[in-house]
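This report refers to the structure that appears directly beneath it.
What follows draws every value from the coordinates through simple rules; no lab data is involved. Computed from a prediction, not measured in an experiment: that's the story for all the values here. Cβ atoms come from the backbone with ideal geometry, glycine included; neighbour counts cover every protein chain shown.
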């Protein structure tokens with residue numbers, strides 16, 4: 001029995017060494033697996049934060065671009081972006097047109113508002129658009145020389161009233177104002193030198209097929225006049241800045257010459273609401289690429 005002791009001792013040592021090796025391998029595998037899991041988590045975390053930061057930067061850039069395109073805030077250092085200080089100091093009512101050259105605001109008030117053909121039509125409606133000598137007031141120049149916000153607001157309102165911009169709202173109002181429509185139509189009869197026998201809105205609710213004009217105000221009127229005056233009335237309605245489409249008309253002879261009974265449509269623009277854009281960023285963003 002004594003002769004087997006060295007062999008048993010050797011086998012015992014080998015067995016312990018094998019156990020130690022297995023434990024070391026298991027420990028290394030556990031450490032490696034933990035490192036792989038932590039590394040995958042770290043990569044996913046970095047990718048997710050990168051997506052969030054990228055989405056925030058895109059939103060900030062789009063907001064910045066919108067403010068500069070509209071002309072609400074001035075890019076005083078001309079570096080194609082609005083700094084935090086410029087955003088903090090931004091006051092749309094106090095922003096000068098000379099500081100937002102090329103923006104939508106500048107083009108409207110400096111270019112479109114100076115259209116002489118449309119401007120002359122708008123100014124004839126308000127005596128305050130002219131000074132004591134009968135010359136038109138340059139509200140844009142007065143706006144640039146204004147020293148306080150209240151004065152700028154008053155001049156801005158005067159610019160809207162006396163410039164061609166007024167004709168936009170007159171041609172296609174933003175709400176259903178039947179009284180204003182009846183006043184405009186009555187003015188056309190006054191210009192033609194003939195009072196209508198009747199004039200009223202029709203009790204109908206209709207919608208236009210044109211997606212840009214979603215609402216209609218149906219009206220009807222009747223006028224008795226000689227044929228030449230009837231033609232003049234129709235011509236004045238056709239030339240009106242307010243779009244009035246005659247859809248149905250009946251002309252009969254009577255003691256006054258002709259009797260015109262007409263049904264027509266005027267239009268107003270349905271308000272359009274722009275919703276905020278929401279972008280959801282997920283850590284496990286799916287891959288849009290097609291494949292196996």
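General observations
- Counting only Cα atoms, segment 219-265 measures 32, 17, 10 Å along its principal axes, largest extent leading.
- Mean Cβ neighbour count within 10 Å, used as a protection proxy, ranking 21-27, 140-146 highest first: 140-146, 21-27
- In whole angstrom, segment 20-70 maps to an equivalent ellipsoid with semi-axes of 49, 4, 4, each derived as √(5λ) from the alpha carbon gyration tensor and ordered largest first.
- Rounded, prolate or oblate (a/c below 1.5 giving rounded, otherwise prolate when a/b exceeds b/c) for segment 174-268 by Cα gyration tensor: prolate
- Note on segment 29-68 and segment 137-154: Cα centroid distance 49 Å, given to the nearest whole angstrom.
- Cβ crowding within 10 Å averaged over residues, with 34-42, 51-59, 92-100 ranked highest first: 92-100, 51-59, 34-42
- Eigen-decomposition of the gyration tensor built on the alpha-carbon atoms of segment 1-111 gives equivalent ellipsoid semi-axes of 78, 10, 8 angstrom, largest listed first.
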